[in-house]
Amino acid sequence: MKIQAVKLYENGFMTQPFAFGGEEGMEKFDPAVKYRSSLQNFLIDTGNEVILVDTGVPAEAPDAAPNAQSMIYMGRRVNDYVSAFAALGYKPEQVTKILVTHKHPDHTGELRAFPNAKIYIGSEDADAMELSGENVVRATYADGAYHNFPESQKVADGIYFIKAKGHTNGNSIVIAESDGLFYMFHGDVTYTDEALYADKLSVVFEDVAAARETLDRVRAFIRENPTVYLSTHTPLGYENLEARKVVDLDNPPESVPPEEIVFQDETGRYVCSVCNYVYDPEKGDPEHGIPAGTPFEKLPDDWKCPRCKQPKSKFNPA
């Protein structure tokens, strides 16, 4: 089995309140503390199949422009998903399965690019995305418990799709067993590994009680099994993979600070940091009573992202 990272963005950051504040509140944490951020998804080559875990942002999605108020910035785009995938030496028609950890567009943006792939996804998230077709496999998790996770589905030899609600209502994680190690592709159970070690939830969830239960199960699994933790939004995801680094919850590694932050020119558009919805003032949001020509700054305080219902504070300038 060969596992590779599909690298998309680099040299970003996230603030501690964003990464840690889901249960205790953002005000309990220091916004001056920042952690490295990036965006990468993963590819598993079993020798018989090419399986993707998530598929990045849509190629046409605009890049965010960070400012002093940004809570998370994925960084500078280094490649679109399809090009990054091709650079690993594969063709779209080789992909047999796509395992979707959850519905957000930075994990599902290029599902369209793989015509032969079966798309495995939690039913709630499939419904939210209005996915249909014979290639869409709504997870049944019918294969029983996998270690301490009560519900799982075997999708290939040594590869398991595991029910892990919280971040979204249809959230799943993927675990691949290889050479005595357990590779955990967790989507956004945490946004940064520092939160895993500190046992903290991010501020992004649809069910906080379920998110807490999932993180507890993840940490309990890690304590009992040699686990390589493969994150989506921190370069620790691919660094852990390259080093085959096993998590030791009792000995957190020293946190590496992000690179110097360079603020960028803004276009007037704003991008949701959770689901990548783009608010364009030229279009407004007529469905929710916001006419065309309304600047983001003039939106009502209670306006929420039309796609994922997050507040204005979760948006970054584009």
- Message: Scan segment 179-186 and tell me whether some residue there is in a helix (DSSP H, G or I) and touching a Leu at 6+ places or on another chain (Cβ under 6 Å).
- Response: no
- So, in segment 161-182, of the ones that are in contact with an Asp or Glu (Cβ under 8 Å, 6 or more places away or on another chain) and touching a residue at least 24 places away in the same chain (Cβ under 8 Å), which residue ends up surrounded by the most Cβ atoms within 10 Å (Cβ to Cβ)? His167
- Task: Collect the residues in segment 29-45 that are in contact with a strand residue (DSSP E or B) (Cβ under 6 Å, 6 or more places away or on another chain) and outside any strand (DSSP E or B), keeping them in residue-number order.
- Result: Pro31
- Query: Out of all the residues in segment 144-159, which are touching an Asp or Glu at 6+ places or on another chain (Cβ under 8 Å), part of a strand (DSSP E or B) and either buried (at least 18 other Cβ atoms within 10 Å of the Cβ) or among the hydrophobic types (A, V, I, L, M, F, W, C) (or both)?
  - Reply: Ser152, Gln153, Ala156, Ile159
- Query: Taking segment 119-134 only, how many residues are surrounded by 24 or more Cβ atoms within 10 Å (Cβ to Cβ) and in a helix (DSSP H, G or I)?
  - Reply: 1
- Message: Given the condition in contact with a strand residue (DSSP E or B) (Cβ under 7 Å, 6 or more places away or on another chain), part of a loop (DSSP other than H, G, I, E, B) and either under 22 Å from Gly187 (Cβ atoms) or touching a residue at least 24 places away in the same chain (Cβ under 8 Å) (or both), answer yes or no: does some residue in segment 20-28 qualify?
- Response: no
- Message: If I ask for residues that are hydroxyl-bearing (Ser, Thr, Tyr), under 14 Å from Ile44 (Cβ atoms) and surrounded by 21 or more Cβ atoms within 10 Å (Cβ to Cβ), which ones from segment 89-118 would you list?
- Response: Thr101
- Query: Can you name the residue in segment 304-318 that is among the charged types (D, E, K, R) and under 18 Å from the mean Cα position of the chain (by Cα) and, of all such residues, is surrounded by the fewest Cβ atoms within 10 Å (Cβ to Cβ)?
  - Reply: Lys309
- Do the conditions hold for Thr214, that is, is it out of contact with any Pro (no Cβ under 8 Å at 6 or more places or on another chain), over 24 Å from Gly75 (Cα atoms) and crowded, with 18+ Cβ neighbours inside 10 Å? yes
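Laboratory data are not the source of any read-out in this text; all were calculated from the coordinates shown. Quantities reported herein were computed from a predicted structural model and do not represent experimental measurements. Please note: Cβ atoms are built from the backbone with ideal geometry, for glycine as well, and neighbour counts cover all protein chains shown.
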